[in-house]
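Down below is the structure, laid out as structure tokens.
Read-outs: derived from the displayed coordinates by stated rules, not from any lab. Keep in mind it's a predicted model, so treat the numbers as computed, not measured. Because the Cβ atoms are built from the backbone with ideal geometry, glycine has one as well, and the counts that use them run over all protein chains shown.
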Amino acid sequence: MADAGLTAGARAAQVARASYGRLLAILAAETGDIPRAEDALADAFERALTTWPAAGIPTNPEGWLVTVARNRHRDVVRSSAHRTSAPLDVDPGMLDLVDLDAIPDRRLELMFVCAHPAIDASIRTPLMLHTVLGFDAAYVARAFAVPATTMAQRLVRAKRRIRTARVPFVVPVLQDMPARLSSVLEAVYGAYAIDWQLVSGPTVRESLAAEALYLATTLAVLLDDEPEAFGLAALIAFSLARVDARVADDGCLVPLAEQDRALWRPELVRDGERLLRRAHALGRISRFQLEAAIQSAHCAPGEPDAVTLLALHDALVRVSPTLGARVARAAVLAEVQGPRAGLTALHDIDGADRFQPAWATRAHLLAASGETDAAASAYSKAISLTTDAPSRLYLERRAAVVRSEATP
């Protein structure tokens, strides 16, 4: 037994955060029935909460859970009149022998299952975030601006569709890969981005971001000749390298230009550069590759060259003209041509009036232009749209400075 310093509930919660998707993928791969695998795993966690306090936390809690869940899963499959109260036939001596590190990571297979053409395209990324990467349905709903009940219903329907369509739990052959790869990469990126926004606490954030980096790198190695996979892995590596410098001790966001580089992780910066070089060598420009190149420019020693950054942002907007990319380009344009040019570019972006980064950028550029009253108003709007606590605190402090300079 192990983890004497943790309660059974705390250790179970820790395992759920770190290994839920991995355990679920192992179970679901046996029958292709995700809801039934979820039920079996939930039952295993429930039994852990009643068993571990008296018997002690197993040395290998993941092995204990997957063994109990698999037995439960098989009981349900074998009989509709399955046991509900009798103890499961599990030999306690065998539980710690289950070595999850010796089991292939089935999450990649499950991700491609969720991206199968039989699944509606609009639900593929949410389904992967929820099922494979363990995000609560409410978190996923918030990220996609959908009511929680609506998202829950869509997820249930998608899981049923996987079962009824008998989607095979395998990584698709190369000719079928392109049709599914984009959704898989978006889900991995979404895991990092949503986690960054919605999960509080650096330990949890770092753990989940590291999982996203692992999956992205594994995908890149698996596919070998996909620049977008290498670009995504590079992008997450660069971002994760700066996680310790992103938030000050008082909980306030630290902008990239003001971060203490001594807190950056040089090994992750090197990993990012290596992955980015591999993406570039494949000779096809892609969205994540360009985003990683932008991060690389910021991670290089000294001040990044604004003209080079603008060229990269221009290329990114051509490849992927998202709201975020266009707002970021406006900010860099302001560095090259002045704040008025940036404000004009912002004004020309459809949908920017409902986009928080656009209001934060507009406030900054208005303040730089000396329009303090308008800047104060823009900061207020940006703050009203901000859910991330460190970012909110930073904007509130910037707004206070601008208001102190505004016309009485």
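Values for this structure:
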| quantity | calculated |
| --- | --- |
| Within-12-Å neighbourhood charge of Asp271 [Cβ basis; K, R +1; D, E -1] | +3 |
| Mean Cβ count within 10 Å, highest first, over the residues of peptides 321-332, 181-192 | 181-192, 321-332 |
| Value at 222 nm in deg cm²/dmol, rounded to 500, when DSSP H runs of n ≥ 4 in the chain each add -39,500 (n - 2.57) | -22500 deg cm²/dmol |
| Reference-scaled alpha-carbon Rg (2.2 N^0.38 Å with N residues) for the stretch 8-83 | 1.06 |
| Long-range amide H partners of Val247 with built H, under 5 Å | Val254 |
| Highest-MSF residue in the chain out of Trp52, Trp264, Trp359 [GNM, Cα springs under 10 Å] | Trp52 |
| Relative exposure of Cys114, Cys252, Cys299, judged by other C-beta atoms within 10 Å (fewest first) | Cys252, Cys299, Cys114 |
| Ranked by how many other beta carbons lie within 10 Å on average, peptides 161-167, 350-356 from highest | 161-167, 350-356 |
| Whole-number D in µm²/s for the stretch 259-408 (Stokes-Einstein; Kirkwood sum over Cα pairs; 10 °C, 1.306 mPa s) | 95 |
| Overall form of the stretch 319-408 per C-alpha gyration tensor (a/c, 1.5; a/b vs b/c) | oblate |
| Sequence ranges 236-242, 137-143, ranked by mean other-Cβ count within 10 angstrom, highest first | 236-242, 137-143 |
| Taking Ser384, Ser320 and counting other C-beta atoms within 10 Å, the order from fewest to most | Ser384, Ser320 |
